[in-house]
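Inspection log for the structure reproduced underneath, given as structure tokens.
The values are calculated or read from the model by the stated rules, or taken from the named source; none is laboratory data. Just so you know, these numbers come straight off a predicted model, no measurement behind them. Note that we place each Cβ from the backbone using ideal geometry, even for glycine, and neighbour counts take in every protein chain shown.
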Amino acid sequence: MKNLLARGGIEFLAVLLGITISLYIDQKLDESAIAKNESSLLSDLQVSLNQDIDYAEIILDKIKVSLNAQEKLITFSCNEVDDLNSKDLATLFKNVMEGSSSLFPRYGVYRSLVSNSEMKYIENQELKEKLISLYDFQFKRYENIDPIITNRYQYSLGDFLVNHFGFTTQQSSTAYMIINKDAFCQGTLRKEIMKINGMTKIVYKMVNGIKLSMNTVSGLIDEELN
């Protein structure tokens, strides 16, 4: 009887040990799968971010060109108008219009993370907070302002340049341009440029801030992957 009980006890322990080992292996496999899934998600997100960082740098360069051209037109004196030619003026106007360049971030991977409830796989709390701040605050704030300044460039300033100088963004625009001295000397051109100058500077700071945040997030992802 004792031998029977002993044998039964050993069999019970063996079964219990087998179940425990099986559960342990399953847990480790789950943890490994989660870690692999997190790594894959972060890699995809970093690729998207790095593309947007390069894109933001291009946009910043264009806005900087615009601001430099704006500054020249704002400080242009009436006495200098006689030395202008249509080609140089068209180049200045074309550079000014670069300020309407827009940043269009890639939301695909981030939206997939949110819609599929995969943000939970990102264990780094700082990274998670930076991601939410970048995509749900900085990008959204920029997207609210971008259409406003785009409209001012394309319609307000654009109409003014067409009506007063015959300027369009077409390559052949110089053939129809006139040097409107009154627009310079009476200050109407300066006034139109100053209407967009302040907002353009704000947009430049916003895009630069977005680029810095993207660099920070990309750096945090590097730490996680490595």
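Worth pointing out:
- Entry remark, region 209-226: residues being buried (at least 16 other Cβ atoms within 10 Å of the Cβ) and either within 23 Å of residue 152 (Cα to Cα) or without any contact (Cβ under 8 Å) to a residue 40 or more places away in the chain (or both) number 1 in total.
- The requirement of being assigned to a helix (DSSP H, G or I), in contact with an Asp or Glu (Cβ under 9 Å, 6 or more places away or on another chain), hydrophobic (A, V, I, L, M, F, W, C) and in contact (Cβ under 8 Å) with a residue 12 or more places away in the chain is fulfilled somewhere in region 121-136, by at least one residue.
- Boolean, residue 89 is on the phi < 0 side of the Ramachandran plot, in contact with an Asp or Glu (Cβ under 7 Å, 6 or more places away or on another chain) and among the aliphatic types (A, V, I, L, M): no
- Selection status of residue 194, part of a helix (DSSP H, G or I), in contact (Cβ under 8 Å) with a residue 40 or more places away in the chain and closer than 23 Å to residue 58 by Cα: no
- Region 150-178 - residue that is surrounded by fewer than 15 Cβ atoms within 10 Å (Cβ to Cβ) and more than 27 Å from residue 104 (Cα to Cα) and, of those, modelled with the lowest pLDDT: 172
- Filter pass, residue 196 being at pLDDT 95 or above, surrounded by 15 or more Cβ atoms within 10 Å (Cβ to Cβ), farther than 26 Å from residue 51 by Cβ and under 25 Å from the mean Cα position of the chain (by Cα): yes
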